[in-house]
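To start, the structure itself, in structure tokens.
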């Protein structure tokens with residue numbers, strides 16, 4: 001089966017611009033998660049979708065970040081306007097509902113804000 | 001969620017067995033212990049999960065003592081391709097659980 005796909009793999013934008021990251025989860029996985037790692041820090045949870053509904057967005061840093069999951073399939077994470085401190089690697093993961101044996105992560109999008 | 005403590009780095013040579021120990025003194029009754037592996041430019045990859053005693057799969061073994069306050073990931077006969085960061089996580093094993101990653105253990109395998 002195809003894994004979790006993220007694109008772009010890299011993005012370089014200027015401060016103040018907008019960037020949209022996309023994540024395609026494994027087909028049939030109702031749960032989708034966003035995580036990120038900023039420079040020198042640990043991987044941090046951002047939010048969790050169940051189908052198209054946000055279940056937990058406690059990790060979203062501020063209102064410049066907007067996540068959507070239209071139709072319960074792929075998800076987008078928009079950063080508008082981007083700031084220098086948003087630079088890092090953004091990971092998406094997915095899982096089936098119920099008890100799990102690990103989440104499946106994508107390869108991440110490396111975002112650089114200059 | 002329980003906090004975990006593991007060594008920042010470890011070095012090994014090809015063919016050796018590597019044991020990475022993780023401390024999780026505040027583990028809750030419903031928590032499971034999960035290990036992930038991460039290569040550069042990739043996302044974390046699930047390796048193994050356990051609740052108590054010993055779990056073994058084709059990649060690794062996980063040893064958990066009775067008090068569950070620690071766990072040891074054992075990698076048999078490592079190769080250069082096992083060079084990666086290994087994360088120990090403790091959380092309820094149900095979808096929706098937000099994972100808390102620490103700094104992990106950077107394992108370097110040399111020839």
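The values are calculated or read from the model by the stated rules, or taken from the named source; none is laboratory data. From a predicted model like this one, the values you see are computed outputs, not experimental measurements. Don't worry about glycine lacking a Cβ; one is built from the backbone with ideal geometry, like all the others, and counts go over all protein chains shown.
Please work out if residue A:48 is within 14 Å of another protein chain (Cβ to nearest Cβ), in a strand (DSSP E or B) and either in contact with a strand residue (DSSP E or B) (Cβ under 9 Å, 6 or more places away or on another chain) or at pLDDT 95 or above (or both).
Against the criterion (within 14 Å of another protein chain (Cβ to nearest Cβ), in a strand (DSSP E or B) and either in contact with a strand residue (DSSP E or B) (Cβ under 9 Å, 6 or more places away or on another chain) or at pLDDT 95 or above (or both)), residue A:48 qualifies.
Among the numbered conditions (1) loosely packed, with under 14 Cβ neighbours inside 10 Å; (2) more than 30 Å from residue B:4 (Cα to Cα), tell me where residue A:39 comes up short.
(2)
Any residue in the range B:30-45 that is surrounded by fewer than 16 Cβ atoms within 10 Å (Cβ to Cβ), touching a residue at least 60 places away in the same chain (Cβ under 8 Å) and either under 13 Å from the mean Cα position of the chain (by Cα) or closer than 22 Å to residue A:103 by Cβ (or both)?
Checking the range B:30-45: at least one residue is surrounded by fewer than 16 Cβ atoms within 10 Å (Cβ to Cβ), touching a residue at least 60 places away in the same chain (Cβ under 8 Å) and either under 13 Å from the mean Cα position of the chain (by Cα) or closer than 22 Å to residue A:103 by Cβ (or both).
Do we find a residue being out of contact with any helix residue (DSSP H, G or I) (no Cβ under 9 Å at 6 or more places or on another chain) and crowded, with 22+ Cβ neighbours inside 10 Å anywhere in the range A:59-68?
Checked against the condition, which is being out of contact with any helix residue (DSSP H, G or I) (no Cβ under 9 Å at 6 or more places or on another chain) and crowded, with 22+ Cβ neighbours inside 10 Å, the range A:59-68 yields no hits at all.
Among strands (runs of 3 or more DSSP E) lying entirely in the range A:1-44, which contain 3 or more residues that are under 12 Å from residue B:43 (Cβ atoms)? Spell out how you get there, then give the answer.
Numbers: elements: A:5-7, A:10-13, A:19-24, A:31-38.
Ranges flagged: A:31-38.
Among the residues in the range B:71-80, are any within 13 Å of another protein chain (Cβ to nearest Cβ), closer than 25 Å to residue A:108 by Cβ and surrounded by fewer than 19 Cβ atoms within 10 Å (Cβ to Cβ)?
No: zero hits.
Is it the case that some residue within the range A:23-36 is surrounded by fewer than 21 Cβ atoms within 10 Å (Cβ to Cβ), touching a helix residue (DSSP H, G or I) at 6+ places or on another chain (Cβ under 8 Å) and either within 14 Å of another protein chain (Cβ to nearest Cβ) or without any contact (Cβ under 8 Å) to a residue 12 or more places away in the chain (or both)?
Scanning the range A:23-36 turns up at least one residue that is surrounded by fewer than 21 Cβ atoms within 10 Å (Cβ to Cβ), touching a helix residue (DSSP H, G or I) at 6+ places or on another chain (Cβ under 8 Å) and either within 14 Å of another protein chain (Cβ to nearest Cβ) or without any contact (Cβ under 8 Å) to a residue 12 or more places away in the chain (or both).
Answer yes or no as to whether residue A:74 is touching a strand residue (DSSP E or B) at 6+ places or on another chain (Cβ under 7 Å) and surrounded by fewer than 21 Cβ atoms within 10 Å (Cβ to Cβ).
Answer is yes for this residue.
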